Amino acid sequence: MLETFLNYLKNEKRYSINTVIAYESDLIQFRDFLLVYYDLGSLYDGVESLHLRSWTVHLIDANNSARTVNRKLTSLKAFYRFLLLRKTIQHNPASSLKGPKVSKKLPHFVSENEMVRLFDEVVFDDEFENERNRLIIELLYATGVRLSELIHIKRSDILIYEASIKVIGKRNKERVVPIYKSLLESLSAYLKKHQPSIDADGYLFLTKKGAKLYPRLVYRIVNTYLSATTTSEKRSPHVVRHTFATHLLNNGAELNTIKELLGHTSLSATQVYTHNSIEKLKKIYQQAHPRA
C-alpha cells in the first residue's frame, strides 16, 4: 500500500521527486518505530491515534525541530487520508493529530544597497562561468524563482517579445514572470556568445562541460558572490528569493502581486514578508522619533 500511495503522489498529485522521497522516508521511519516499540508490522492494521501521538513525542525527545516534526506528521496525515479515501481503513487515526507549535522566523534578506554593490562593484569578467554566474544571481533577484525552478528554465522559456520568462513551479504549475529590458538583453547576448549551437529546448544555464546545472553548484555560486557584499550569515538562493519579495514590498508592490510572482498558492505564505517591512518601520521609528 505504501508503494501505491507513493505512485499516487507522483502520478496524480504531481509531487516533485524530492517530496515523494521525503514522504517515503517519513513513513518508513514511522513503520520502523511501530515495529520496535509496539510490535506492529503494518502502517495501518492496528494503528491508532495513540501510536501517532507516541511517535510525535519520540521525535521531539530526539531533538527534532518543530518544523521537522510537523513535516513528518504531514506525511502521515496525507497517507491516512489516502487510505480512508481508498476505504483501506474505516477511521483516520491522524484526524486529530497535532504537532508542536513552530516559532515564526523572519525571512533573511540582503539589503538593497548590498545588492546594488554586488552588481555595480563586484567584477565579473568575460569568461563563460563568470558571465553565467552573474546572470544566475541577477535572474534569481529579478524574478524570485526557486533554485529548482531556475535549474529547469530552458532557452525556449525566455519570451523575448513579452519580456518575461516562463517558470514551471511546484506541482508543475506554470507561471510567467516579467523581467526588465537590460536583463533580457544580457541573457540574449550570453546565449548568442556562449551557446549558439544549442537547440531552443536546451537548458538556459549549463556547466562549463555543457551539462545541466545542479543545486549544489548554484548554491556555491550565490554564496560566493553574496559574501563579497553582505555580512549576513545566510547567503543562499532562497535568501535571494526572500530579498526579491522584501524589496518589492518595501517599494510599494501589492502583496497579491508578489504572491503571483513567487508562485505561492496561498496568500498566508506571502504575508511573512510584511513582518520584514514592519521591522524596517520600527527601526526607522526608533532612529527618527525624538522620544524613541
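The values are calculated or read from the model by the stated rules, or taken from the named source; none is laboratory data. Quick caveat: nothing in here was measured; it's all calculated off a predicted structure. Here the Cβ positions follow ideal geometry from the backbone for every residue, glycine too, while neighbour counts run over all protein chains shown.
Tell me the residue from 157, 120, 125 that is under 19 Å from residue 204 (Cα atoms) and among the acidic types (Asp, Glu), please. First the steps, then the outcome.
Numbers: 120 fails: under 19 Å from residue 204 (Cα atoms); 125 fails: under 19 Å from residue 204 (Cα atoms).
When all the criteria are applied, what remains is 157.
For segment 8-28, does any single residue satisfy the condition of being aromatic (Phe, Trp, Tyr), part of a helix (DSSP H, G or I) and more than 24 Å from residue 101 (Cβ to Cβ)?
Taking segment 8-28 and keeping what is aromatic (Phe, Trp, Tyr), we get 8, 15, 23.
Now narrow it down to the ones that are part of a helix (DSSP H, G or I): 8, 23.
Then keep just the ones that are more than 24 Å from residue 101 (Cβ to Cβ); that gives 8.
Yes, some residue in segment 8-28 is aromatic (Phe, Trp, Tyr), part of a helix (DSSP H, G or I) and more than 24 Å from residue 101 (Cβ to Cβ).
Enumerate the helices (runs of 4 or more DSSP H) found wholly within segment 96-169, keeping only those where 3 or more residues are at pLDDT below 90. Don't jump to the end; show me each part of the working.
On the way: elements: 112-121, 128-143, 147-151.
Fully inside segment 96-169 and qualifying: 112-121, 128-143.
Return the residue satisfying two criteria in turn: it lies in segment 203-230 and is hydroxyl-bearing (Ser, Thr, Tyr) and in a loop (DSSP other than H, G, I, E, B), and of such residues it is nearest to residue 121 (Cα to Cα).
Filtering segment 203-230 for residues hydroxyl-bearing (Ser, Thr, Tyr) gives 203, 207, 214, 219, 224-225, 227, 229-230.
With in a loop (DSSP other than H, G, I, E, B) added as a condition, the list becomes 207, 214, 227, 229-230.
On the way: 207: 25, 214: 27, 227: 13, 229: 9, 230: 13 Å.
Applying the filter and picking the extreme gives 229.
Residue 17 - would you say it is β-branched (Val, Ile, Thr) and surrounded by 12 or more Cβ atoms within 10 Å (Cβ to Cβ)?
Details: β-branched (Val, Ile, Thr): yes; surrounded by 12 or more Cβ atoms within 10 Å (Cβ to Cβ): no.
The answer is no for residue 17.
Can you go through 148, 186, 156 and tell me which one is loosely packed, with under 13 Cβ neighbours inside 10 Å, outside the structural domain of residue 10 (by TED's automatic domain parsing), in contact (Cβ under 8 Å) with a residue 40 or more places away in the chain and not basic (Lys, Arg)?
Numbers: 148 fails: loosely packed, with under 13 Cβ neighbours inside 10 Å; 186 fails: loosely packed, with under 13 Cβ neighbours inside 10 Å.
Just a single option satisfies the conditions, and that option is 156.
Please find, within segment 243-256, the residue that is farthest from residue 114 (Cα to Cα) out of those that are under 18 Å from the mean Cα position of the chain (by Cα) and either hydroxyl-bearing (Ser, Thr, Tyr) or exposed (fewer than 14 other Cβ atoms within 10 Å of the Cβ) (or both).
Only one residue fits best here, namely 246.
Taking into account only those residues within segment 218-239 that are exposed (fewer than 15 other Cβ atoms within 10 Å of the Cβ) and not β-branched (Val, Ile, Thr), which is nearest to the chain's Cα centre (by Cα)? Explain how you work it out, then say what you get.
Of the residues in segment 218-239, the ones exposed (fewer than 15 other Cβ atoms within 10 Å of the Cβ) are 220, 223-224, 227-228, 231, 233-234.
Now drop any that are not not β-branched (Val, Ile, Thr), which leaves 220, 223, 227-228, 233-234.
Working: 220: 16, 223: 16, 227: 21, 228: 24, 233: 19, 234: 15 Å.
Here the residue is 234.
Taking the criterion of being at pLDDT 90 or above, at negative phi and not in a loop (DSSP other than H, G, I, E, B), would at least one residue in segment 261-282 satisfy it?
Yes, segment 261-282 contains a residue that is at pLDDT 90 or above, at negative phi and not in a loop (DSSP other than H, G, I, E, B).
Restricting segment 1-44 to residues that are acidic (Asp, Glu) and more than 15 Å from residue 56 (Cα to Cα), which is nearest to the chain's Cα centre (by Cα)?
Looking only at segment 1-44, we keep the residues that are acidic (Asp, Glu), and these are 3, 12, 24, 26, 32, 39.
Those left that are additionally more than 15 Å from residue 56 (Cα to Cα): 3, 12, 24, 39.
Details: 3: 26, 12: 21, 24: 20, 39: 38 Å.
Going through the qualifying residues, I end up with 24.
Return the residue satisfying two criteria in turn: it lies in segment 32-49 and is in contact (Cβ under 8 Å) with a residue 24 or more places away in the chain and in a helix (DSSP H, G or I), and of such residues it is surrounded by the most Cβ atoms within 10 Å (Cβ to Cβ).
Residues of segment 32-49 that are in contact (Cβ under 8 Å) with a residue 24 or more places away in the chain, as a first pass: 33, 43-44, 47-49.
From what is left, the residues that are in a helix (DSSP H, G or I) are 33, 49.
Values: 33: 17, 49: 14.
Selected residue: 33.
Given the conditions (1) in contact with a strand residue (DSSP E or B) (Cβ under 8 Å, 6 or more places away or on another chain); (2) in a loop (DSSP other than H, G, I, E, B), and given that residue 177 satisfies all but one, which numbered condition is not satisfied?
Single failed check for residue 177: (2).
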